[in-house]
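Working notes, beginning with the structure itself.
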Amino acid sequence: MTTAIKPPPPPTVAIQNHDECFPVHRIYCVGRNYAEHVQEMGGQPKNDLPVFFMKPADAVVVDGSAIPYPPKTNNLHYEAELVIAIGTGGASIPEQAAENHIFGYAVGIDLTRRDLQKVAKDKGGPWDTAKGFDHSAPLSAIRPIDEGGPLSRGRLWLNVNDEIRQDADLSEMIWGIPQIISILSEFYTLMPGDLIFTGTPAGVGPLLPGDTITAGIENVGTLKTHIVSGEDL
Ligand code: MN
């Protein structure tokens, strides 16, 4: 079928040790999934359902690329997160079957316009401009679940300019990987190519042009990016 206008290239992510890439369908995100981070944001960890929000698929930024400091913010924050890559879709997936739907795992940073998020929270408005902006989802190469097995624990860390800012363990997540997949799949039919950011631990903070960010997860991989002023790109 021909299209009336030239479509942009489909967003993709690299896969460790493979020539094929992973086509990104949707990016889902979980909020408030580590108790200490909920507290640092002024909230109370609860046993309510997870908070879900989305980023556009083309917000992905491949490992090693520069990211322009986004417009309309004076408080860009990093949030290092484990990302689940979905290989097999489904709806109302039981927790016990969740692992069968995972293609692999990646390290991601949920970049956030914290000032716009605060306005949205205060006014009860949507988070889209705070979370779903261009270049807001830098991602490492995906580590397939077939190569290294399923994940339930492991160190998650983030450095800014070689200073450690976030350092936690995946086992501290309030909702674990099978629970997140199961609950999310009750709201949306998950599709191959979906990515799920699983929330960030404590230690979030601001970024400025010139900053270099490295993040990693034990048994998954590492991610590196740097922030440049918008005009420099
Ligand atoms: Mn987040």
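The values are calculated or read from the model by the stated rules, or taken from the named source; none is laboratory data. If you're wondering where the values come from, they're calculated on a predicted model, not measured in any experiment. Note that each Cβ is placed from the backbone with ideal geometry, even for glycine, and that neighbours are counted across all protein chains shown. We work out accessible area using only protein heavy atoms, side chains counted, and drop any ligands, DNA or RNA first. Shrake-Rupley method; radii C 1.70, N 1.55, O 1.52, S 1.80 Å.
At 1.4 Å probe size, with the rest of the protein present, what percent of the exposed accessible area of segment 23-232 is carbon and sulfur atoms?
Numbers: 4470 of 9170 Å².
After summing per-atom areas, the C and S share lands at 49 percent.
Over the chain, average the accessible area per residue using a 1.4 Å probe and give it in Å², no decimals. Walk me through the numbers on the way to the answer.
Working: 11360 Å² over 233 residues.
Accessible area per residue, the chain: 49 Å².
What do you get when you divide the Cα radius of gyration of the chain by 2.2 N^0.38 Å, with N the number of residues?
0.97
Just want to confirm a number: the relative contact order over the chain, from Cα pairs under 8 angstrom separated by 6+ residues, in percent. The partial results should precede the final answer.
Numbers: 572 pairs, mean separation 72.0, N = 233.
After rounding, I find 31 percent.
Work out Dmax and Rg for segment 138-233 from the C-alpha atoms and quote the Rg first, both in angstrom.
Spelled out, the Cα radius of gyration and Dmax of segment 138-233 are 15.4, 43 Å.
Can you give the accessible area of Val220, probe radius 1.4 Å, in Å² rounded to 10?
10 Å²
Using C-alpha positions alone, give me the convex hull volume of segment 148-191 per residue in cubic angstrom. Display every interim value, and only then the final one.
Values: hull volume 5.9 nm³, N = 44.
Convex hull of Cα atoms, per residue: 133 Å³.
List the trypsin sites (Lys or Arg not before Pro) within segment 153-213 that fall in a DSSP loop (any state other than H, G, I, E or B) and whose Cβ has at most 14 other Cβ atoms within 10 Å. Walk me through the intermediate numbers first.
Details: sites: Arg153, Arg155, Arg165; in loops: Arg153.
Counting only loop positions with at most 14 other Cβ atoms within 10 Å, the trypsin sites (Lys or Arg not before Pro) in segment 153-213 are Arg153.
Taking amide H positions as placed 1.01 Å from N in the peptide plane, with prolines and chain starts having none, which residues 5 or more places from Tyr34, or on another chain, fall under 5 Å of its amide H?
Correct list: Ile174, Thr200.
May I ask you to derive the FRET efficiency for Thr3 and Thr88 from their Cβ-Cβ distance with R0 = 25 Å, giving the value to the nearest 0.05? Display every interim value, and only then the final one.
Numbers: r = 28 Å, r/R0 = 1.14.
Between Thr3 and Thr88 the formula returns 0.30.
Once fully extended, how much extra length lies between Gln179 and Arg153, figured as 0.36 nm per residue of separation less the alpha-carbon to alpha-carbon distance? Numbers along the way, then the final one.
Numbers: separation 26, 0.36 × 26 = 9.36 nm, distance 1.46 nm.
Fully extending the segment from Gln179 to Arg153 adds 7.9 nm.
Please identify the GluC sites (Glu not before Pro) of segment 1-96 that satisfy two criteria: DSSP loop assignment and at most 15 other Cβ atoms within 10 Å. Which are they?
Numbers: sites: Glu20, Glu36, Glu40, Glu79, Glu81, Glu95; in loops: Glu20, Glu79.
In loop regions of segment 1-96 (DSSP not H, G, I, E or B), the sparsely surrounded GluC sites (Glu not before Pro) are Glu20.
Between Leu49 and Leu208, what FRET efficiency follows from the Cβ-Cβ distance if R0 is 45 Å, with the result rounded to 0.05? Intermediate results must be reported in sequence, preceding the final value.
Numbers: r = 35 Å, r/R0 = 0.78.
Approximately 0.80, to the nearest 0.05.
Any idea how far the Cα center of segment 64-97 sits from the one of segment 123-160, in Å?
Cα centroid to Cα centroid, the span is 4 Å.
On full extension of the chain, what length is gained from Glu20 through Thr189, given 0.36 nm per residue of separation minus the C-alpha to C-alpha distance?
Numbers: separation 169, 0.36 × 169 = 60.84 nm, distance 2.47 nm.
Stretched out fully, the Glu20 to Thr189 stretch lengthens by 58.4 nm.
For segment 1-129, rounded, prolate or oblate, judged on the Cα gyration tensor with a ≥ b ≥ c (square roots of eigenvalues), a/c < 1.5 rounded, else prolate if a/b > b/c?
Note, shape of segment 1-129 comes out oblate.
Keeping all protein chains in place and using 1.4 angstrom, which order do Asp128, Asp211, Asp115 fall into by accessible surface area, from largest down? Don't skip to the end; give the middle numbers.
Values: Asp128 100, Asp211 25, Asp115 45 Å².
My answer, sorted largest first, is Asp128, Asp115, Asp211.
Any chance you could list P(r) for segment 76-178, counting all Cα-Cα pairs in 10 angstrom bins from zero, rounded to whole %?
13, 35, 36, 15, 1
Please identify the trypsin sites (Lys or Arg not before Pro) of segment 66-152 that satisfy two criteria: DSSP loop assignment and at most 15 other Cβ atoms within 10 Å. Which are they?
Working: sites: Lys72, Arg113, Arg114, Lys118, Lys121, Lys123, Lys131; in loops: Lys72.
Taking segment 66-152 and a limit of 15 other Cβ atoms within 10 Å, the loop trypsin sites (Lys or Arg not before Pro) found are Lys72.
Given the C-alpha centroids of segment 163-197 and segment 7-56, what is the distance between them in whole angstrom?
Rounded to whole Å, the Cα centres lie 7 Å apart.
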